[in-house]
1. It is to be established whether one or more residues within region A:79-86 are in a loop (DSSP other than H, G, I, E, B), open to solvent by 10 Å² or more (accessible area, probe 1.4 Å), modelled with pLDDT under 95 and more than 14 Å from chain B (Cβ to nearest Cβ).
2. Please determine, by comparing only the residues of region C:157-166 that are open to solvent by less than 50 Å² (accessible area, probe 1.4 Å) and modelled with pLDDT under 85, which one is nearest to C:V114 (Cα to Cα).
3. B:T223: surrounded by fewer than 24 Cβ atoms within 10 Å (Cβ to Cβ) and either on the phi > 0 side of the Ramachandran plot or within 14 Å of another protein chain (Cβ to nearest Cβ) (or both), yes or no?
4. State which residue pairs qualify: first residue farther than 20 Å from C:T203 by Cβ and inside region C:25-47, second residue open to solvent by 70 Å² or more (accessible area, probe 1.4 Å) in any location, beta carbons under 7 Å apart, and separation of 6 or more residues or different chains.
5. Check B:L279 against each of (1) touching a strand residue (DSSP E or B) at 6+ places or on another chain (Cβ under 9 Å); (2) within 10 Å of another protein chain (Cβ to nearest Cβ); (3) among the hydrophobic types (A, V, I, L, M, F, W, C) and name the one condition it does not meet.
6. I want to confirm something. Restricting to region C:167-186 and keeping residues that are assigned to a loop (DSSP other than H, G, I, E, B) and surrounded by 15 or more Cβ atoms within 10 Å (Cβ to Cβ), which single residue is nearest to the other protein chains (Cβ to nearest Cβ)?
7. In contact with a Ser or Thr (Cβ under 6 Å, 6 or more places away or on another chain) and closer than 26 Å to A:N58 by Cα: is that true of A:L169 in this structure?
8. Could you check region A:124-141 and list, in sequence order, the residues that are surrounded by 15 or more Cβ atoms within 10 Å (Cβ to Cβ) and away from chain B (no Cβ under 13 Å)?
Amino acid sequence: MNVRQGRPAGGAAVSSPAAGNGAGPGEAPPPILEVDGLHVHRGEAHILHGLDFHIAPNRVTALLGRNGVGKTTTLLALLGLLPSSGEIRLEGESVTSLSTHRRVQRGLAYVPEDREVFSQLTVAENLRLAMQWPESADRLATVHELFPELERRSAQKAGSLSGGQQQMLALGRTLLHPAKLLLIDEPTKGLAPIVITEVVAALQQATADSTVLLVEQNLRVAEALATDAIVLDEGRVAWSGAMADLLADEELTRSMLGVGRRAGGQET
Amino acid sequence: MTFQTFALLLVTGLGLSGVYFLIASGLSLIFGLMDVLNLAHGLFFTAGSYATWWVMSSLEVVGPLGLRFAIAVVAGGGLGLAMGYVVERVFVRRFYGDHVTQILITLGLSLAGVALVGGWFTYDPRTFPLPEAFGNVVMVAGARIPVTRLLTLGLSLVLLVALLAFLRRTRHGLVIRAGVENRSMVQAMGIDVQKSFTLVFAIGGMLAAIGGVLGAVFFAGVTPEFGLNILIFAFIVVVIGGLGSVEGTALASVLVGLTQQFVNYLAGAGIGDLTVVALLAGTLLIRPQGLLGEAVR
Amino acid sequence: MSVTTTDHLDTATTEAIPPPRRSRTTPVVLGVVGLILAVLPFLDATIPGVFTGPMSSPGTLQILAVGLVFAGVAMSYDLLLGYTGLLSLGHALYFALGLYGTNLLMRVFGLSYVPAFALAVVIALAVAVVLGSVALRVRGVAFAMVTLAFAEAFHVLVEADPLSVSGGEEGLPLASAQVPDLLSGVINTRWVYWLALAFAALTFVVCRLAVSSRAGRVWQAIRENEDRVELLGLIPFQFKLLSFGLSAGLAASGGAVYLLLVRGATPFSASAVFTLNLIVMVVLGGLGRLWGAALGGLVFGYLQLRLPGLARSGVFEPLPAWLEGPLTEPLFILGVLFVVLVMFAPGGLASLPERLGLRRDKA
């Protein structure tokens, strides 16, 4: 299958200096995550046909593509929540054979689509569940600073929170983990526009010094948060590079994402 | 119905509820956490009841029967704990995600287990001596209540409180409650949920075995098939209460135990059991997720 | 929905579901086996160690006939579990309805055997439709528990016997006056045997036709992925109920034949343990293969009736008591064999030729 548009992807490191936009000068730092030939089958469907990509440290990379192209599947496969073949390395060490909880202990952290907070547990219990790292106690203070609402509602059942509050809880519990790579899946899905603004502001603050792989349908949100982009098409990496370059090329944006830039954030 | 009869039926019904709760709570947690229908759960019950029979009738080193009974509770509970651990680690663990195979294996264990006990101890009911105090009646609000009924009720209440405290106050309990709701998210938080699987199986085995100890006293004897028979009512309790909910299981145990006891007395033996099945059908039609269960996730 | 759309969906469904595997040799092999079984009552040969009397003796024919009834009922259960993926823990109910129903209709209403048989099957079908409609509201493990509870209710009912008709724990002896002479008495065991053989053969034919029909293909699609069947515009509930009803009717017929063999109806036939035995038969033989289920039923019936005799013959006596006791229990041996098969040879007996490399037409 051929890459249809733009720069050939072929495992190109997102951290290449050409990606610009604040990348360190000279030598590129070693990638946090390297993925080689990632295949995923679900039932009879072959969803990912061998993904190759790298994630550079301390940058937010958006994982983009049309609906159903396999973005969430990619995150689940990275976490080991879906069976996959191929090679996944975190900081140069293979995690392919590890179970989900071991991968997380090695430094992956996950904010799922639909948030998946434990609705029967209180906010405090949801956070306590995540308090299992030496750094968690210090980080809890930061999380409460970032989301004061969570401290105010600590005795409330998480299921009774609003969508935006649940998103903050889902993000907050992940931030208690000193993770090397945050995997965030559609943090603004199903939220009202005003709440989206709030969540984006919180995400900008929370992810300032972290490495993030972000799945986001809302191109506006992706633009606000990400410096780099990886575009999936037909189960492969079709394009990768700087977010700004992607957005500058309207033809590319339309063909790869099925949306025009203007339509990305506002119109339905 | 005299007050004496009413009080006796009430306490007997609640004692039966206690036995149901002990076997059903583990079943419900096992199903809630790992989607496993453990047909071998009746075996834990049988193990507890035969441990009681053996300790009470053969452990002559220990003189006082009261002390022997205490030993029976501990030994039965310990045996159930060990069996739960072994069943999970050896038989169930390698088939997670394959529900039918898990059910089939626990079914085979259940049949072979009953036959094993029958082969060892024959299918004849076995009785055993009880501490003299167990034969007494006490006056409660003017009604004469047998001590065995109060014992069953009391001990199962203590275990209910202990189980709830474990689930609500400890980190293991927190992980189990979270896992019942969403297993893969617990893993995605870096927690080894398999440890909780083993733990829940062991705790479920222990509770069911203590249920067997109390059942042996409550029904004044033990038989090999008894665990399987009572397992069927435990299933009904679990479905009515809502899969995975300990509180729901407790509530449904009381409902089923009392219904069975009162209707059997008022309408004739067997009719109470039928009413309980009707309750199950009604629950499914009106509220398929059970009294305190969550809607299908 | 327009007619064309429906047609389109139907074609899509049928195309999406591969036709069942067919081997050309199976019908021939089964025909030969059937023929041999049919002429057995004329054979005076003995198989030492396997059967105590010659093949034509009533004792041997009785064991074989029980095995054949189990084979038929196991095939009916395979429709549910093996082909539709429905784990019912209450199949004993329908077997027992045929058994008790036929007997009661003869006893209480004085019907003769054949009309009583037919009416009992109709009643079992009606009960299956009503209870199936309730139980099929839930899926998976909850379905298993609910079917179990319904069957247990009937078990309790016949055992407690509040109306004094079912004979309680003792059971209900056969109403022999209503049974044709040809089918009663020890000398006529061969006719009962032939009836059992006819039942097993007919059940096989009915099941085979059913699973290769359009509905049968939908059953197998439901087994693989119920949601997908729904997406194709079909209503899984209707097909599951059809499978449930058909298998109940066949099980009830088996019960009516079994009545003549054991000359009475006992509560055990309605118990959960009987259903569990059926599961053992089907899985022992091989899930989702009719001849596997039939083989499982035959083997189970044979072992259940022969093992106690084997134990009495003193084979296990040299063993220590803690081992001898359990080994005289058929269910202990069957249970252990079952667990081993499920864990290490999930295809059951039917898969053993493939596993040992004796068959080349592997899936």
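1. yes
2. C:D161
3. In short, yes.
4. Hits for this filter: C:P41/C:R190.
5. The one condition B:L279 does not meet is (1).
6. If we take residues in region C:167-186 being assigned to a loop (DSSP other than H, G, I, E, B) and surrounded by 15 or more Cβ atoms within 10 Å (Cβ to Cβ), then C:G167 is nearest to the other protein chains (Cβ to nearest Cβ).
7. no
8. Across region A:124-141, the qualifying residues are A:R139, A:L140.
The values are calculated or read from the model by the stated rules, or taken from the named source; none is laboratory data. Note that the coordinates shown come from a computational prediction; the quantities given were computed from them, not determined experimentally. Virtual Cβ from ideal backbone geometry, glycine too; neighbours counted across all protein chains shown. Heads up: the accessible areas ignore ligands, DNA and RNA and are worked out on the full protein's heavy atoms, side chains in. Shrake-Rupley method; radii C 1.70, N 1.55, O 1.52, S 1.80 Å.
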